[in-house]
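The values are calculated or read from the model by the stated rules, or taken from the named source; none is laboratory data. This structure is a prediction, so every number in the text was calculated from the model and none was measured. Here the Cβ is made from the backbone with ideal geometry for all residues, glycine too, and neighbour counts use every protein chain on show. Remember, those area values only see protein heavy atoms, side chains included, never the ligands or the DNA or RNA. Shrake-Rupley method; radii C 1.70, N 1.55, O 1.52, S 1.80 Å.
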Amino acid sequence: MKQIKNDTSLRESIIKTIATIARINEKNIDDSVLIREELGIDSIMSLEIVAQIERHYGIVVDEEETLQIKTVGEFIDYVQSKIINRCHEA
Amino acid sequence: MKCCEPVFESLKGWGDHPVCIELGPDGSAASLSAPDFLQRINDVKAMLVKEGIGEHDIVAVFLENSSDYAAVFLALIDMGAKPVPVNLAFRTIELDEIFSNAEPCAIITEAGHSTVVQPYAQGRIVIERQGGKWLCRRPGGTKKKGVAGDLDNDIASINYTYRGYGYPLGALVPHRQYITGAMVLQEGIRLNRGENILIVLPMVNIFTLIGCLFHPLIHGVTMIIAHRKNPLRLLEYIGRHRVDNVLAVPELFDLLVKFRDGAGDVSSLKAFLSGGSVLPVEQYDALGRLFNVDLIHGYGLTEFTPVSRNIRGSIRPGSIGTVSRGVECRIDSPDSDGTGEIWIKTDHMTKAYHRRPDETAEAFADGWFKTGDTGRLEEGHLVFAGEKKKTRKVKGNMVDLEEVRRALVSVPGVHDAAVSVEDNTVSAVIERETCTGGIDDIPGIKQHLEGMIAAYKIPKTVRFS
């Protein structure tokens, strides 16, 4: 489990995870990019991304909640909120 | 014999272990005994009759995996109605065809899915499942026909599949397919009464209807129904519920391999049952090494499942197993390698597509079913080579390339499209209209497709020619 030093490292880490699993150059990913339409992330890739991030940050992601997420930026915000909640609960 | 009858017989002498354990998103586990499950089926049947559904009625079913799904499917069959299990991912292009072809008189749906089925509700009985309760809406206007009067009594259900025509075909699945399928599957996988099986794939496909519903219910195996597919959750479930067997597609097993390190106790596992996609030899090795299980891979189609399956104790990695007992198999027009189209013949298979005589004539000839898949026989084991028909399996889901092309050309501004699948990924090259207008950006085109076809069919990469 890793602690997040700041927003930039979290953002970079999530983008790197997405890029690796989707096999896309991370330079082509920014906050406004649409996860499904532009990156072509499918359900199996989503499962792997979510599991990777859960394990890395010690959080639990609700699959239903992630269905509403459209962009990479929204996903980063969602993960950040989960991390903050986890820290408050700890 | 109706295919529900051996299930009811099995439930009468079930034993103390539960029929079903449903794992909720919150981590809860709801257990259902055999007497309670039989009561559930009877309650559902009474509800369906009360709401106006009867013998020979065609009923579209839009339900998630649950004990309710199993109860509805068995109740409809017991009543002599014809269930049409529909993939919850389907959207207008698939649903327009299914509703115009099957003309169901009723829809049974998750309440959360009602906006998707709303355009088809007019004149139909709509029963919604919400919070463990059933809510019925009676039809306004003229009641739809939806009566399977032209179907033989030996037809259990209408299950939609693809052969590359660009639209789904309703396979008329006989009762014998479900019973025989469960029996010959058991001859391969050899599960013991009292064991359990973790179910993650939607029960809409014949592979899961037989492998996750009829097989466990007939053979005294507890169904553990997971509503989450996250590999970390699945590994937790395996440890917490002492899971014996898992049925999934190779892509999901691959995720279990990736997240095995650091996961909890998986020592309860005995077998992984795999189908729906190609399972490479390397994956056999990795799964066997990490989980110490029997990995049993097989092959089947909506028209008959399983055509072949490996036999526990004599598994041949890289193959789809030996041809099931009672199934004749031949390789048509083999090349020098012995690879050709797989043809099968059995009394228990689908013999026609609902109201599609031309497509039926192309697929079925002289008692043989031309699978549209290619393969070869190696020392009695069938080896899958690919698809001759214009469909592709993408991460366990069937994609009809012509249907995706049709969806693309219906997008304003798109003149034509070429669709292909490589490396488990759907891709498209688009030719634009010469006149201006329409949707001219790739994300916009993909968003347009979201309401038209299942998400797993939307091309990952799209480019203009």
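When the range A:53-69 is filtered for residues that are out of contact with any Lys or Arg (no Cβ under 8 Å at 6 or more places or on another chain) and farther than 20 Å from B:ASP26 by Cα, only A:ILE69 remains.
The number of residues in the range B:226-237 being without any contact (Cβ under 8 Å) to a residue 24 or more places away in the chain and part of a helix (DSSP H, G or I) comes to 1. Taken over the range A:22-33, the criterion of being within 14 Å of chain B (Cβ to nearest Cβ) and either surrounded by fewer than 18 Cβ atoms within 10 Å (Cβ to Cβ) or more than 13 Å from the chain's Cα centre (by Cα) (or both) is satisfied by A:ARG23, A:ILE24, A:ASN25, A:ASN28, A:ASP30, A:SER32.
Using the structure shown, decide if B:SER268 is open to solvent by less than 50 Å² (accessible area, probe 1.4 Å) and not in a strand (DSSP E or B). Here the answer is yes, as B:SER268 does meet what is asked. When A:GLU65 is tested against (1) open to solvent by 40 Å² or more (accessible area, probe 1.4 Å); (2) within 9 Å of chain B (Cβ to nearest Cβ), only condition (2) is not met. For B:VAL7, the criteria (1) open to solvent by 60 Å² or more (accessible area, probe 1.4 Å); (2) of a type outside the set (Ser, Thr, Tyr); (3) in contact with a Leu (Cβ under 6 Å, 6 or more places away or on another chain) hold in every case but one, which is (1). Within the range B:83-98, the set of residues being surrounded by 18 or more Cβ atoms within 10 Å (Cβ to Cβ) and over 17 Å from the mean Cα position of the chain (by Cα) comprises B:ILE93, B:GLU97. Consider the range B:163-179 and keep the residues that are touching a Leu at 6+ places or on another chain (Cβ under 7 Å) and assigned to a loop (DSSP other than H, G, I, E, B). The one that is farthest from B:VAL204 (Cα to Cα) is B:GLY164.
Which of the residues belonging to the range A:45-62 are charged (D, E, K, R), surrounded by fewer than 21 Cβ atoms within 10 Å (Cβ to Cβ) and modelled with pLDDT of 90 or more? The answer is A:GLU54, A:ARG55. In the range B:276-292, is there at least one residue being within 22 Å of B:PHE37 (Cβ to Cβ) and buried (at least 24 other Cβ atoms within 10 Å of the Cβ)? No.
Meeting the requirement of 3 or more residues that are closer than 18 Å to B:LEU135 by Cβ, the strands (runs of 3 or more DSSP E) wholly within the range B:52-111 are B:58-62, B:106-110. Within the range A:2-19, is even one residue in contact with a Leu (Cβ under 9 Å, 6 or more places away or on another chain) and at the interface with chain B (Cβ under 10 Å from one of its Cβ atoms)? No, the range A:2-19 contains no residue that is in contact with a Leu (Cβ under 9 Å, 6 or more places away or on another chain) and at the interface with chain B (Cβ under 10 Å from one of its Cβ atoms). Restricting the range B:192-225 to residues that are assigned to a strand (DSSP E or B) and open to solvent by less than 10 Å² (accessible area, probe 1.4 Å), the residue that is farthest from the other protein chains (Cβ to nearest Cβ) is B:THR222.
Within the range A:50-75, being within 15 Å of A:ARG11 (Cβ to Cβ) and of a type in the set (Lys, Arg) holds for no residue. The condition (being touching a helix residue (DSSP H, G or I) at 6+ places or on another chain (Cβ under 8 Å) and among the aliphatic types (A, V, I, L, M)) is satisfied by just one residue among B:VAL399, B:VAL383: B:VAL399. I'd like to check something: does the range B:233-241 contain any residue that is surrounded by 19 or more Cβ atoms within 10 Å (Cβ to Cβ), within 14 Å of another protein chain (Cβ to nearest Cβ) and among the charged types (D, E, K, R)? Yes, the range B:233-241 contains at least one residue that is surrounded by 19 or more Cβ atoms within 10 Å (Cβ to Cβ), within 14 Å of another protein chain (Cβ to nearest Cβ) and among the charged types (D, E, K, R). Of all the numbered requirements in (1) modelled with pLDDT under 95; (2) over 21 Å from the mean Cα position of the chain (by Cα), B:LYS395 misses one, and that requirement is (2).
The condition (being at pLDDT below 95 and open to solvent by less than 20 Å² (accessible area, probe 1.4 Å)) is satisfied by just one residue among B:GLY123, B:GLY141, B:GLY132, B:GLY80: B:GLY123. Screening the range B:351-465 for strands (runs of 3 or more DSSP E) wholly inside it with 1 or more residues that are surrounded by fewer than 17 Cβ atoms within 10 Å (Cβ to Cβ) returns the ranges B:368-378, B:381-387, B:414-422, B:425-432, B:461-464. On inspection, B:ASP441 fails the criterion of being over 12 Å from B:PHE464 (Cβ atoms), within 12 Å of chain A (Cβ to nearest Cβ) and modelled with pLDDT under 95.
Among the residues in the range B:7-26, are any over 17 Å from the mean Cα position of the chain (by Cα), more than 29 Å from B:ARG228 (Cα to Cα), in a strand (DSSP E or B) and among the aliphatic types (A, V, I, L, M)? Within the range B:7-26 (the criterion being over 17 Å from the mean Cα position of the chain (by Cα), more than 29 Å from B:ARG228 (Cα to Cα), in a strand (DSSP E or B) and among the aliphatic types (A, V, I, L, M)), the answer is no, since none of the residues qualifies.
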